[in-house]
Structures are given as structure tokens and as C-alpha cells.
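J.: What follows is a single structure, and I will ask about it in a moment.
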Amino acid sequence: MPKKILLDCDPGLDDALALLLAHGDPNIELVGVTTVGGNVGLPQTTRNALALREYLHFEKVAVAAGASQPLSGETRSAIQVHGESGLGTAALPEPILAVDDRHAVDFIIETVRASPGAIHLVATGPLTNIALALQKEPAIARLVASFTIMGGSFTRGNATPAAEFNIYADPAAARMVFDADWQVVMVGLDLTLQATATGPVVERLGRLGVLAHELILPLATFWAGANQSGANQFDAHNSNGHGQAVHDVCAVAHVARPDLFASRPARVRVESTGEFTSGMTVVDFDSPFPNAIVPVTLDVPGFWSYVERVYSIVAEQHA
Ligand code: RIB
Ligand code: CA
């Protein structure tokens, strides 16, 4: 029975690669996509999700737009990493089909309510939509099958030395999400920086024909290519020096293939007001009151074998 995933995202290079995985894995049913402002503005993240839907032919899946700004504080972006378009140099045709007329928050609530215990909710951008959905309908915390984020870190950040971008972009929302009545699977930088598109990975992905050259390679190498000189603020923490990290892909992979991860329970709290630490996830692995599962180690060969196999399935449809 395929796992049903609702993906809330801010496409985004790695969000797009995560969508590709969720769409391509026969053991996943992508039941919806919701968008949030993050890497680039909401109009652009939504346009990118719609464009990916038509390029990859998952037109039956609804795309609903959500929050354009954080619950409070400054609106952040990561254009330095993802480019103005949000998809680097990937040039997808303009989407024709319209965005769903429901707000992302209502779409999330309706979808989760309609299938109690069946929806794996995954968030790979700032957590604004998730926080608003919890505010409007707290019961969703108990109705989801699981809730997984790409976000946070138990060591250093990437947006600041203390904070990872998705949390930094809306600390108040993240705090609400971690304080809600559910268990959060926090796939953070310490894990995702193990999943980098190294030379051998890029070489194998390059064998996937049209899909590789039109989509996968532009997404998986844009930031690394632009940062040979290590030119920007994200330099030190979107790569382990051996290729671009596919952060968001790890969140979807954890739902589909939890066997690829070793995880630890922890109490995670979000610093939302610190002068230097706003957006920091404070991870206590010793707490007797865990609210999160934190993947710490990735089976890297197993991860890429899985991802490349799924991408090859989609590539055959684009031959
Ligand atoms: O810190 C990495 C995260 O921030 C990823 O989700 C990436 O897409 C950006 O949103
Ligand atoms: Ca993202």
C-alpha cells in the first residue's frame, strides 16, 4: 500500500528534487502539494510547483498556495542559493493549469481530516503553513500518520551560525510546530549534509537522459557550481565540500525508507528571540520528554541507490 504524502514546500532546488522523488516512487502516493514563501517569494515557489507538476505529469495532484510571509519578523529568502527563479538554471515551460482555489492551510486540514491516520505530512520549507493549520485545527496533530520536516540542526546552522534556514525564516511558526501535540521527525543539517551530490553521484545522475539534462543536473549542481569560489553566506553549510546537499530529498526519503536512517529521540525547542540565536533548534538528546525523532546517520550508498533508482523510473517516462 503506497504511503500518502502531502508535501508543503518552497521550491527551491532541493524541494524540486524532493517532489521528483515523491512523484516517482511507486511506494509513495503524492496526495497534494502546498507552497510557502521561503527560498524565493510565494508567487515564484507556487509557479515552480505548478511548472514541476506539468513537466513531470502529476496534473491530478492539487497545488495550493499558502503563506507569503512568516508569522512575525522579517521575510527571508535564499535567492543566493537557489537563484532568482528558485530552480537555478532549470528552464521549465510556464504552467498552464491553475493553482487550487483553496488556501494551503485549508487544503492541509481538509486532506488530513478526510484520511485520518493515513497522511504523512512533510514540510521542506519554513513552517508557517503548518503552524497556521495547527492554530486553525489542533486536531491535525493527532490525525496525521507522521510529520517530517527538513529543518533545524543539533550543531551549526546555515542561515546563521546558529540557525538553519527553514527555522530561521519563521522561528515563531517553528516553535509552535515543535510545541504541538505530535512527534516531529526533524531531518536537520547534521543529517542532510551527508547527502551531497558528489562527482560520482552527478556522473550517475547524468546518465538519466533528458530528465537529467533538463531537470536533475541543473537542480543538483546549480549552487555547487556557482560556489566553486565559496562566494556566499551559505557556502560552508550547503555542502560538505564534496558537492551540493539535497536537503529536502532526505525528508521524503525518511518517510519512504526509514531503514536508511539511524535516529535518536530528543526534546527540541526553538529559540525565537535570541539576538544571535533566533531560529536555533536546541536539541536535548538526554531529555526524558522527547517531542522529536532526530535522524543522525544516513546510509549514504543506500540513499543514493534508492534515489537514483526512483529517478531512473521517471527518466524512462521522459526518454
Ligand atoms: O537549509 C536548507 C533548507 O532551506 C532547504 O529546505 C532548502 O530548500 C531551503 O529551503
Ligand atoms: Ca526547501
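The values are calculated or read from the model by the stated rules, or taken from the named source; none is laboratory data. Predicted, not measured: the structure shown is a model, and the values here were computed from it. Heads up, the Cβs are rebuilt from the backbone with ideal geometry, glycines too, and the neighbour counts pull from every protein chain shown.
J.: Can you find, within the stretch 200-213, the residue that is surrounded by the most Cβ atoms within 10 Å (Cβ to Cβ) among those that are within 14 Å of ALA319 (Cβ to Cβ) and more than 21 Å from the chain's Cα centre (by Cα)?
T.: By that ranking, first place goes to LEU208.
J.: Next question. Where the second residue is of a type in the set (Val, Ile, Thr) and the first is free of Cβ contacts under 8 Å to residues at least 60 places away in the same chain and lies in the stretch 36-47, which pairs have Cβ atoms under 8 Å and are six or more apart or on separate chains?
T.: VAL40/ILE79; LEU42/THR35; LEU42/VAL36; THR46/THR35; THR46/VAL63; THR46/VAL99
J.: Only one of (1) surrounded by fewer than 24 Cβ atoms within 10 Å (Cβ to Cβ); (2) away from ligand 1 (no atom under 16 Å from the Cβ) fails for LEU42. Which number is that?
T.: (2)
J.: Return yes when LEU13 is surrounded by fewer than 23 Cβ atoms within 10 Å (Cβ to Cβ) and either within 15 Å of ligand 2 (Cβ to nearest atom) or touching a residue at least 60 places away in the same chain (Cβ under 8 Å) (or both) and no when it is not.
T.: no
J.: Before we move on, is SER72 over 26 Å from ARG175 (Cβ atoms) and either in a loop (DSSP other than H, G, I, E, B) or in contact with a Phe, Trp or Tyr (Cβ under 6 Å, 6 or more places away or on another chain) (or both)?
T.: No: the conditions fail for SER72.
J.: Moving on. Just checking, how many residues over the stretch 123-176 are within 25 Å of ARG113 (Cβ to Cβ), part of a loop (DSSP other than H, G, I, E, B) and touching a Pro at 6+ places or on another chain (Cβ under 8 Å)?
T.: Number of matching residues: 2.
J.: Also: Quick check: anything in the stretch 117-136 polar (S, T, N, Q), modelled with pLDDT of 95 or more and away from ligand 1 (no atom under 15 Å from the Cβ)?
T.: Yes, there is a match, as at least one residue in the stretch 117-136 is polar (S, T, N, Q), modelled with pLDDT of 95 or more and away from ligand 1 (no atom under 15 Å from the Cβ).
J.: Within the group LEU19, LEU87, which residue is within 12 Å of ligand 1 (Cβ to nearest atom), part of a loop (DSSP other than H, G, I, E, B) and surrounded by 24 or more Cβ atoms within 10 Å (Cβ to Cβ)?
T.: Only one candidate passes the filter, namely LEU87.
J.: Further question: Regarding PRO43, is this residue assigned to a helix (DSSP H, G or I), away from ligand 2 (no atom under 14 Å from the Cβ) and under 21 Å from ILE130 (Cβ atoms)?
T.: Against the criterion (assigned to a helix (DSSP H, G or I), away from ligand 2 (no atom under 14 Å from the Cβ) and under 21 Å from ILE130 (Cβ atoms)), PRO43 qualifies.
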